[in-house]
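Any read-out appearing in this document is the output of simple, stated calculations on the displayed coordinates, not a laboratory observation. Everything quoted here is computed from the prediction, not taken from an experiment. Here the Cβ positions follow ideal geometry from the backbone for every residue, glycine too, while neighbour counts run over all protein chains shown.
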Amino acid sequence: MLPNTNPTTTKSWKKLQEHFEAVKDVHMKDLFAADAERANKFTIKWEDFYVDFSKNRITEETLGYLLQLADEVKLKDAIKSQFSGDIINQTEGRAVLHTALRAPKNAEFKVDGEEVMPEIYAVKEKIERFTNDVVSGTLKGYTGKAFTDVVNIGIGGSDLGPAMVVDALQFYKNHLTTHFVSNIDGDHVNEVIKKLDPETTLFVIVSKTFTTQETLSNANTIKEWFLKSANEDAIAEHFVAVSTNIEKVQGFGIDANNIFPMWDWVGGRFSLWSAVGLTISLAVGYEHFDSLLKGANKMDDHFKNEDFDSNIPVVLALLSVWYNNFFNVESEAVIPYSQYLNQFATYLQQGIMESNGKSVDRNGNPIDYQTGTIIWGEPGTNSQHAFFQLIHQGTKLIPADFIGFGKSLHGNQDHQDKLTSNFLAQTEALLNGKTEAEVVAEGTPEAIIPFKIFSGNKPTNTIYINKLSPESLGKLIAMYEHKIFVQGIIWNIFSYDQFGVELGKQLASKILQEFNTSATNEHDSSTQNLLDFYKKLR
Ligand code: F6P
């Protein structure tokens, strides 16, 4: 059981409220000017991570109260509970053990009193063997040709994690071309099919439940297309599945040997470390996949063992609570200064918003404080030319994580220097802004002066990593996973269910019947009009 404390009833919350009134208008520029040690005080250096959170609207007192809040909601106990395999996903009656997937073989993780490491390692060995056979060309398609293409068919956690990681690690990729089919929009699957040769394509159907409409529809469409060139027997050579639902997978016609099991104690949005990451392993090779897991495991150890004041996920989570619940900030941006992390914000959206987008506490009572943050972002420098205007000069306060890498993978120093100068300049500009006096000193015509002033005082975290590698990416993803967990604990919500996605699914299945049969359901007049409109169009 998780601890259960309404955060707003804690002493620290009250202190934070009073403290907020006292410091809300303080400019970070003045805090830096007053303390030459500020940057050093608010920086955590860990392994190849350099996390500078000094450009936040905090003082040592703020951090003290936030850390007290972590203690008062019994975060330490909650972390212990998670790692011990307790049923912390209480509404679904499940443990939450994605951390076990990346733990060393001799680690101890139990679910319902049963050791899970042997099963985990059996599946890992299967992933390794299969990857090696496909990559080396030992495993062949139905006409004896080696595989050239891999198609991941899945959605949500069965798509976003693998797709993001394969894209992020493309520098490390082998010769296999990977594709991702997720959307129920038939144009998605057809655009992918256009690029495929059935003789040399391997299909990986990923669905924890194996009941997801999108995935099953896409898998069936692909199977039909495949069977136009091959016979039923060839399915065993070209289709594999990752699922907890072995019966349903077999019902689809997939050979028992081609099933990679997963477990209900792995949440979909935290599952890329399991066989859900098979496409990652195929794309970059098992060794790199394993390094990704090892990186995540290092972050797990850091999270579990480090004191909270130097614990990266804990500090980032507390800062986010400070902005959400005291500054009433609605959204946070994630800006990676690496084109490789193009899909990172999209990936984080599911993790963060599906987990913490809740309005009922762990007692089942409605909540009267803000929970889940809205997360969005795009890589820099592109985003500088898109939405940065609003962050710099708009009316909204948008805290941002700036993620950067010291080294370019292709080694183009000229570009890397330019990229890094932008990376550093943006957080400096967001901190300091530009005063009226500075604008005047530039010789700006009087009528234009107000438009060129930047208030500054915009918070950022800088997460600076030596180099993008499978291991550092693993650490980075795990860092955000733990941030999600900490925030869920503080907000006293259940982060590991997602009932909010169900209602739309139920209604969609009812509406679908109305297209194909004479069935009618009661709808509001807007939905009814639109439904009639579509029926005429189709
Ligand atoms: O969006 C709801 C959801 O259940 C996600 O949590 C999950 O990642 C996704 O659907 C896909 O589910 P499955 O892997 O069972 O197909």
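Brief remarks on what is shown
- Counting only DSSP beta bridges whose two residues both lie in the chain, roughly 30 percent are antiparallel.
- For residue 139, the residues whose modelled amide H falls within less than 5 Å of its own, excluding neighbours fewer than 5 places apart on the same chain, are 134.
- Against the main long axis of the alpha-carbon atoms of the chain, helix 213-227 sits at an angle near 40°.
- Each other residue within a Cβ distance under 12 Å of residue 309 adds +1 if Lys or Arg and -1 if Asp or Glu, for a net charge of -3.
- Annotation: aspartates and glutamates with alpha-carbon distance below 17 angstrom to residue 140 (same-chain offsets under eight excluded): 128, 149, 197, 199, 232, 233, 237, 255.
- When both bridge partners sit in the stretch 98-289, DSSP labels roughly 15% of those beta bridges antiparallel.
- In this structure, the amide hydrogen of residue 401, modeled 1.01 Å from its nitrogen in the peptide plane, lies closer than 5 angstrom to those of 333, 334, 335, 461, counting only residues at least 5 positions away or on a different chain.
- Trypsin sites (Lys or Arg not before Pro) lying in DSSP loop within the stretch 157-225, provided at most 10 other Cβ fall within 10 Å: 194
- The chain shape via C-alpha gyration tensor axes, a/c threshold 1.5: prolate
- Crossing angle, helix 502-516 versus the chain [Cα axis fit, 0-90 degrees, rounded to tens]: 40
- In this structure, the residue pairs whose Cα-Cα separation is over 19 Å, taken from 145/195; 55/458; 74/475; 396/452; 124/467; 294/407, are 74/475; 124/467; 294/407.
- Sites listed here are GluC sites (Glu not before Pro) in the stretch 36-137 whose DSSP assignment is loop and whose Cβ has at most 12 other Cβ atoms within 10 Å: 37, 108.
- Sites listed here are trypsin sites (Lys or Arg not before Pro) in the stretch 405-438 whose DSSP assignment is loop and whose Cβ has at most 16 other Cβ atoms within 10 Å: 407.
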